[in-house]
């Protein structure tokens, strides 16, 4: 705790409130502390339109427990909102236009709420070229999470959304071939296909974590890869709740799958790949 | 992928971490270096101002000296003007003619040196048959009224003649 360069990240999802103190350094990811406090079903319902905190008291208690468990009194926290809250769009800017501005313009189109209520953000490609991933969230939805964090005494640093936070960490792992980032949320999942380090396809789906999930995920991986054109099946890196088990199962059904990231410390008590939000420490 | 997103309703100022802290440190170092440089420049300015003050003092002293030496230059100018004027009103040919008119029959002029300055000074060497003729020449000079400060110099008396030098000043009207 209190390590220079580390960040406190608190993530919300349908099934739990999680938190970690982590840092990305030359040796890779280090998790200094982490915890996950489960939520009862229906206490938090990720939605882009309506307030997500169906039972705010339960979520507040869970958040308070996370804060207490991490022992980071007074430290500013990065808040990460769950999959399903943001509208995320892959944008390919035309030459000669500002990619960031164009991406914000495009993602604001077709929102199920007035564009004036949207807060937008962009995940840019390395070097500024290539497609951009733009996201928009409704201001009233964000305010609900912010008020909850303030209520338990968390000093807010910045606020990110789960797919973009995870991709901030995974995009740098993409190699020269085909790589797929599989970001697992409690109620949704996102698939991002990279070719030679460039993001080609991005999709989000509802998640069914029941029996046979590995087979369903394999189908989604194949469909997503097909959208990018003919080619080999990608190497899959998974992050999020259940990532370690699913990576093993996907390997057993013929996919090259592995955990998206691991803690650089030997014998770390935390499975880093289970926390997709750790990518926010690399943003 | 790059860029720090913030979907907050009111984005906060982020705490400095990592590269931000490094940039802040570099900035502070640059500020310290700039302050040190400014302090050095201020000291240089003080030294330069002191040097200018010294130079101004020396200039004032030099001007004072020039002013104090003003009369000498004026005097030099006056001497030059007198020399020019005397050479016009009493050219050597005229002086020789005047002296010639005053020479007795048995006195002749051996040499003559003229010094034009504030006044015209003459140094003569004459040769006379005897002391009586030489004295007569001196008497002629005095009585002519054209010469003053007549100072007989050394005399060499031989059996046949007398050689002597005389220093005198030509009197000029309008000159001191």
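Details
- Å³ per residue enclosed by the Cα convex hull of chain B: 309 Å³
- Counting all C-alpha pairs of the range A:163-251, share separated by more than 20 Å (%): 26 percent
- Placing a pseudo-label 7 Å from each Cα along the Cα-to-Cβ vector at residue A:97 and residue A:256 gives an inter-label distance of 3.6 nm.
- Across q = 0.13, 0.26, 0.32 Å⁻¹, the range A:191-242 modelled as identical point scatterers on its alpha-carbon atoms has Debye log10 I(q)/I(0) values of -0.32, -1.16, -1.50, in the order of the q list.
- Using the Cα coordinates of the range A:1-94, the gyration tensor eigenvalues translate into equivalent-ellipsoid semi-axes of 25, 22, 10 Å, sorted from longest to shortest.
- Extension gain, residue B:66 back to residue B:98 (0.36 nm per residue minus Cα-Cα distance, nm): 7.2 nm
- Computed FRET value (nearest 0.05) for residue A:65 with residue A:209, which takes r as the C-beta separation and R₀ as 22 Å: 0.40
- Peptide A:115-124 is shielded by partner chain Cβ atoms: per residue, an average of 3 of them sit within 10 Å of its Cβ.
- With the biggest extent put first, the Cα atoms of the range B:23-97 measure 103, 21, 11 Å across the principal axes.
- Look at the stretch A:151-162: the mean tally of other chain Cβ atoms within 10 Å of its residues' Cβ atoms is 3.
- The range A:206-283 - convex hull of alpha carbons, volume per residue in Å³: 125 Å³
- For chain B, relative contact order (Cα pairs under 8 Å, six or more residues apart, normalised by length) works out to 15 percent.
- Sorting the segments A:154-162, A:103-111, A:226-234, B:112-120 by their residues' average number of neighbouring beta-carbon atoms within 10 angstrom, most packed first, yields A:154-162, A:103-111, B:112-120, A:226-234.
- Directionally averaged projected area (the range A:113-165, Cα convex hull): 4.7 nm².
- Estimated [θ] at 222 nm from DSSP helical runs (n ≥ 4, -39500 (n - 2.57)) normalised by residues in chain B, nearest 500: -19000 deg cm²/dmol
- Spin-label pair residue B:80/residue A:129, simplified geometry with 7 Å Cα→Cβ offset, distance in nm: 8.3 nm
- Largest first, the three principal axis extents of the alpha carbons in the range B:81-122 are 38, 15, 11 Å in whole numbers.
- With the simple spin-label model, which puts each label point 7 Å out from Cα in the Cβ direction, the residue A:222 to residue B:58 separation comes to 9.7 nm.
- Highest-first arrangement of B:82-88, B:161-167, A:274-280, A:141-147, where packing means the average Cβ count within 10 Å: A:274-280, A:141-147, B:161-167, B:82-88
- Each part reduced to its alpha carbon centroid, the range A:262-279 and the range A:14-90 end up 16 Å apart.
- Computed over the range A:37-137, the P(r) tail beyond 18 angstrom holds 59 percent of alpha carbon pairs.
- Value of relative contact order over chain A, rounded to a whole percent, pairs C-alpha under 8 Å and six or more apart: 18 percent
- Sum of -39500 (n - 2.57) over DSSP H runs of 4+, divided by residues of chain A (222 nm, nearest 500): -8000 deg cm²/dmol
- Counts of other chain beta carbons within 10 angstrom of each beta carbon in peptide A:76-83 average 1.
- Computed lengthening from residue B:160 to residue B:50, 0.36 nm per intervening residue step minus Cα-Cα distance: 31.6 nm
- The alpha carbons of the range A:55-206 occupy a box of 47, 35, 29 Å along the principal axes, longest dimension given first.
- Between helix B:131-144 and chain B: long-axis angle, C-alpha atoms, 0 to 90°, nearest 10: 60 degrees
- Taking every DSSP bridge with both residues inside the protein assembly as shown, close to 80 percent are antiparallel.
- Anisotropy class of the range A:130-210 from Cα gyration tensor, a/c 1.5 cut: prolate
- Evaluated over chain A, the Cα radius of gyration and Dmax, each in Å: 18.0, 52
Values quoted throughout were computed directly from the atomic coordinates according to the rules given, and no laboratory measurement underlies them. All values reported here derive from a predicted model rather than from experimental measurement. So basically every Cβ, Gly included, is an ideal-geometry build from the backbone, and we count neighbours across all protein chains shown.
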